[in-house]
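Report on the following structure.
The values are calculated or read from the model by the stated rules, or taken from the named source; none is laboratory data. Quick caveat: nothing in here was measured; it's all calculated off a predicted structure. Here the Cβ positions follow ideal geometry from the backbone for every residue, glycine too, while neighbour counts run over all protein chains shown.
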């Protein structure tokens with residue numbers, strides 16, 4: 001196993017085509033719980049094995065979202081951002097709040113034009129999840145990264161975000177997607 005990174009609450013290693021995360025038992029237990037459940041929805045790296053204070057998942061060999069945006073055309077960017085929002089919507093419908101979606105700089109990789117979310121240790125159940133609206137806030141902050149490839153209408157986005165926050169319906173979600 002080769003050391004990859006140290007986060008705030010644990011260490012990550014690479015073991016062939018897998019990543020091994022080691023942290024305290026409570027954090028690992030929570031992340032394993034969410035990986036099991038979200039993998040069923042096609043979200044996150046595939047969980048392979050786990051123990052008391054570690055888990056093994058497939059190693060996501062991709063590019064961080066912002067790096068992908070800088071190097072890619074607007075059509076591909078729109079497709080990936082919509083896929084990110086759809087994953088956020090799934091988590092919202094499951095009443096799961098990931099907590100990092102307002103600044104997911106190190107939490108979304110793009111592999112073959114498909115986004116993969118990582119790091120679910122802070123997920124929790126809530127009556128008012130904010131994954132979609134937080135990701136939209138992040139998109140509004142990303143304006144400089146887009147370099148004119150994909151301008152986001154800030155006022156229109158804020159309006160539909162407010163509608164979605166008030167009522168997390170499919171219709172309000174489709175309005176958000178239509179802006180990309």
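Each row is one residue, and each column tells you yes or no for (1) assigned by TED's automatic domain parsing to the domain that holds residue 174; (2) free of Cβ contacts under 8 Å to residues at least 24 places away in the same chain; (3) touching a strand residue (DSSP E or B) at 6+ places or on another chain (Cβ under 6 Å); (4) within 28 Å of residue 169 (Cβ to Cβ).
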site	(1), (2), (3), (4)
23	no, no, yes, no
73	yes, no, no, no
78	yes, no, no, yes
88	yes, no, no, yes
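Pairing each residue of the stretch 164-180 that is under 16 Å from residue 91 (Cα atoms) with any residue that is not in a helix (DSSP H, G or I), provided the two are 6+ apart or on different chains, yields C-beta distances under 9 Å for 165/128; 165/130; 168/128; 168/129.
All of (1) modelled with pLDDT of 95 or more; (2) assigned to a loop (DSSP other than H, G, I, E, B) hold for residue 56 with one exception: (2).
No other residue among 67, 119, 92 is over 23 Å from residue 176 (Cβ atoms), crowded, with 19+ Cβ neighbours inside 10 Å, out of contact with any strand residue (DSSP E or B) (no Cβ under 6 Å at 6 or more places or on another chain) and assigned by TED's automatic domain parsing to the domain that holds residue 143 apart from 119. Applying the condition of being over 19 Å from the mean Cα position of the chain (by Cα) and either under 19 Å from residue 99 (Cα atoms) or in contact (Cβ under 8 Å) with a residue 60 or more places away in the chain (or both) to the stretch 25-50 and asking which residue is surrounded by the fewest Cβ atoms within 10 Å (Cβ to Cβ) yields 26.
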